Amino acid sequence: MYIKDIFKGQIAKGFGLLNIYPAQLTDSKELKQLIDRLHPIKTDKELIRFGDKGDGGYLVPNDLEGIFTCFSPGVNTISNFERDCAKHGMNVFLADKSVDAPALENEKFSFTKHYIGGWSRHGVLQIDDWVNTSLPDDFKSDLLLQMDIEYSEYEVLLGMSEETLDRLRIMVIEFHDLHLMWNSPVFHYVSLVFNKLLKNHTCVHIHPNNVGTIGAFKKDGITIPRLMEFTFLRNDRISASEPHTLFPHPLDSDNTDDSTLALPECWYK
């Protein structure tokens, strides 16, 4: 069963706070411990914005020298982040089976009409296979990953090899239906993903996606927005750090015209 199927099964039970919970709830202390480890850190690399205001724009650390390649699974109808990567001299590899081409034409774009997953199958490329077949064998430079693929991020990250993960200097990932971490089996699945990322990377920014009217779920002093965009920087690139306490960041922008959704304090205090 895919994690997105688990999520959709929980969603089908209704959006009321009690209705989404199965019989086995996640221990709030365990959940808080994971959230504490994800508190964004302010590093010696200032954050800059790639992409326009609104949806499809993300904050990344200004540590781009030596990154010549961006991998961007999940294309949809916006390619402004990828456009800015190309402006910084990166070759951009894009993948999405649901569209025929990126929203913008660019000589630095290379597109494949496949979904990206944790293992290869019909219509789906495993993330390592995509990376390895896209780059020359002797290409050793760091990579940037930007991923918004509607629940499949969990599968992709668990299926990614440590070798590929270690090549990713910067990762920008939108995680979906995080509020379902109150479901104990879902929490343990999602925590495997975050623990894998936190082994050699640090969260440097979080931005809740304000799309729709569902917002965030609160329980035991913990508030979890449904959709959030995370930026990670590899630990060897961090020479100084302190807790990040300014949210929203001045460069943050609402994804839609819906009401602004601020990052809850439990995610950074």
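Only the coordinates and a few stated rules stand behind these numbers; no lab work does. Bear in mind the structure is a predicted one, so any value in this text is a computation, not a measurement. When we count neighbours, we look across all protein chains shown, and the Cβ atoms used for this are built from the backbone with ideal geometry, even at glycine.
At-a-glance table
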{"read-out": "Gyration tensor (Cα) of the chain, equivalent ellipsoid semi-axes in angstrom", "value": "28, 21, 18"}
{"read-out": "Those lysines that a straight Cα-Cα span of less than 30 Å connects to K199, excepting residues fewer than 8 apart in one chain", "value": "K4, K8, K29, K32, K42, K45, K140, K218, K219, K269"}
{"read-out": "Total formal charge among the other residues, if their Cβ is under 13 angstrom from that of P243, Lys/Arg +1 and Asp/Glu -1", "value": "0"}
{"read-out": "In nm, spacing of pseudo-spin labels at L25 and L251 (7 Å Cα→C-beta vector)", "value": "3.9"}
{"read-out": "Likely footprinting exposure, D236, D52, fewest C-beta neighbours within 10 Å first", "value": "D236, D52"}
{"read-out": "Solution diffusion estimate, µm²/s, Stokes-Einstein, region 101-246, Kirkwood Rh from C-alpha pairs, 4 °C, viscosity 1.567 mPa s", "value": "76"}
{"read-out": "Total formal charge among the other residues, if their Cβ is under 10 angstrom from that of D252, Lys/Arg +1 and Asp/Glu -1", "value": "0"}
{"read-out": "In order through region 187-204: 3J(HN,Hα) via Karplus (6.51 cos²θ - 1.76 cosθ + 1.60), integer Hz, x for Gly, Pro", "value": "4, 5, 5, 5, 5, 4, 5, 5, 5, 5, 5, 6, 4, 10, 10, 10, 6, 10"}
{"read-out": "Charge sum, other residues only, whose C-beta stays under 9 Å from R49's C-beta, Lys/Arg counted +1 and Asp/Glu -1", "value": "-2"}
{"read-out": "Lone cysteines, the chain (no partner Cβ under 4.7 Å)", "value": "C203, C266"}
{"read-out": "Cα-centre dipole for the chain with unit charges at Cβ (Lys and Arg positive, Asp and Glu negative), debye to 20", "value": "640"}
{"read-out": "Among V186, S161, G118 - extreme Cα towards positive end, dipole of the chain, charges at beta-carbon", "value": "V186"}
